[in-house]
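The next block holds one structure in the form of structure tokens; read it before the comments.
The values are calculated or read from the model by the stated rules, or taken from the named source; none is laboratory data. Bear in mind the structure is a predicted one, so any value in this text is a computation, not a measurement. Note that we place each Cβ from the backbone using ideal geometry, even for glycine, and neighbour counts take in every protein chain shown. All accessible areas refer to the heavy atoms of the entire protein, side chains included, with ligands and DNA or RNA removed. Shrake-Rupley method; radii C 1.70, N 1.55, O 1.52, S 1.80 Å.
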Amino acid sequence: MNRPTPVVLPPTAGATTAEHPWPVRMLTAKLTEYVAKAPALWVEGQVVQLTRRPGQGTCYLTLRDTDVDLSFSVTLAVRVLDALPAPLTDGARVVVHARPQLFPRRGSLHLAADDLRPVGVGELLARIEHLRRLLAAEGLFAAERKRPLPFLPRVVGLVCGRASAAERDVVENARRRWPAVRFDIRPVAVQGPTAVTEVVEALHRLDAEPEVDVIVVARGGGSLEDLLPFSNEALLRAVAACRTPVVSAIGHEVDSPLLDLVADVRASTPTDAGKRIVPDVAEELAGVAQARRRAAAALRARLDREASGLAGLRARPVLADPHRLLVAHGDQVVALRERARSALRSALARAADDVGHLRERVAALSPAATLARGYAIVQSADGAIVRDPAAVPGGELLRLRLAKGDLAAWAEGPWADGPWNEADDDESDAEEEELP
Amino acid sequence: MSGDVEKLGYEQARDELVEVVRRLEAGGASLEESLELWERGEALAARCEQWLAGARARLDAALAKDSGNTR
């Protein structure tokens, strides 16, 4: 039977042999001790693969050498990450303060970091971002502060590089739209250490000119470092303080220096600025001509409407044919006259009838019939009718009215008293008897 | 009466003409009044036509002058 000899662990790694090895746990412990002696250090690299899980206090990233493909895993407290001015992007250059650490379970080595800072361009961008937040909080980017551009500026102030492409782009594009536009051009350094001072000075001068109604700050494209002056705090505050509207025309479409946020108008390029500061002459003249045509047409239409309305009124019968009024009255008069005449005729006819009737009655009452039967009416000279012979003394003229005429006779006196009476007694008695 | 028609503005004359036509068409006025109304209507219509002709002349003159200027 092999009784195991008491295990004697070699004190050092060098003392181990195949027959007297260390167990893994011994190696782990020893290495942990060894690694713990290494001091914390600053190491620079690129961030690749950043992992953070919600709710966890620690995040993990891989720090890779900028030139060769060697890397370390890094652990970092999440609050350090959150305290950064800008979120970490993949490939960002950083410096990390960390101590090497052995992860005992797997025996893997990593860096336990307690600080992380961006460097290089990352640092610059971070600084810009910080300034952006500061000025935004002060309200310098607020929409209410933006002044509208004048429709037609008397003079356009231009701050740009001497004889630069930016200058040419602004001027040519503006003149194409409005040939009469006037420029006041102030050439400045647009990058480097003197840029900020020169641009600010030019801005002040142009702002003080009363005829300059808009200022354009323009430069062509460049690297982040080249465009840095246009994210400079002093320059930005100078622009914010300008009373004249300022147009920012820096670099290309993708560039966004902070000047873009402070300016009253952001043009994507100098060419774009040239187009925005003046109106298009041809368009404006066409618009004016059209407005005049429309005004004249509207007035003509109004006059035509009024004229046809008037013609309509004039055509109304009461005005156009006034004879109708008179005709109506005339007809009425004729009708009335007819009625009058007809009434008169009827009255006359009635009267004639009446007369006719009366005549017949008179005729009926007349003594003519009696006279025709042989009677005579005896009238004395004064016209009185004689009924009594005693009333007529002898010798008086009598008028005898016979049927066929009047007879004059001299009265001899009453017949009964006369001499004739005796001679003809028999005849007269007979005659007397014959008389009815 | 035609004297005061001359002093009327265009809208006044036109509105009065409308009223005259309305009254004539409604009837009821005496013959004497109808004749007078009709005479006034004629005077008003003549005034309106005169005004419109003058306005057209002004417009045409102004346009002729302006198109001469912009050349």
>> I want to confirm something. Restricting to region B:23-71 and keeping residues that are more than 22 Å from the chain's Cα centre (by Cα) and of a type in the set (K, R), which single residue is modelled with the highest pLDDT?
In response: B:K65
> Do we have any residue at all in region A:28-44 that's over 17 Å from A:L88 (Cβ atoms) and among the basic types (K, R)?
Replying inline: yes
>> Go through region A:51-78 and report how many residues are in contact with a helix residue (DSSP H, G or I) (Cβ under 8 Å, 6 or more places away or on another chain) and either open to solvent by less than 60 Å² (accessible area, probe 1.4 Å) or under 19 Å from A:R99 (Cβ atoms) (or both).
In response: 3
> Is it the case that A:D406 is surrounded by 11 or more Cβ atoms within 10 Å (Cβ to Cβ) and at pLDDT 90 or above?
Replying inline: yes
> Scanning region A:158-191 for residues that are touching a Leu at 6+ places or on another chain (Cβ under 8 Å) and part of a helix (DSSP H, G or I), which turns out least open to solvent (accessible area, probe 1.4 Å)?
Replying inline: A:V170
> Could you say whether any residue in region B:46-59 is within 12 Å of A:R316 (Cβ to Cβ), within 7 Å of chain A (Cβ to nearest Cβ) and surrounded by 11 or more Cβ atoms within 10 Å (Cβ to Cβ)?
Replying inline: no
> Hey, does region A:256-271 have a residue that's assigned to a loop (DSSP other than H, G, I, E, B), over 30 Å from B:K65 (Cβ atoms), more than 10 Å from chain B (Cβ to nearest Cβ) and free of Cβ contacts under 8 Å to residues at least 12 places away in the same chain?
Replying inline: yes
> Would you call A:E201 surrounded by fewer than 16 Cβ atoms within 10 Å (Cβ to Cβ), without any contact (Cβ under 8 Å) to a residue 60 or more places away in the chain and of a type outside the set (A, V, I, L, M)?
Replying inline: yes
> In this structure, does A:S248 turn out to be at pLDDT 90 or above, polar (S, T, N, Q), more than 29 Å from the chain's Cα centre (by Cα) and surrounded by 11 or more Cβ atoms within 10 Å (Cβ to Cβ)?
Replying inline: yes
> Can you pull out the residues in region B:24-38 that are within 9 Å of another protein chain (Cβ to nearest Cβ) and open to solvent by 60 Å² or more (accessible area, probe 1.4 Å)?
Replying inline: B:E25, B:L35, B:W38
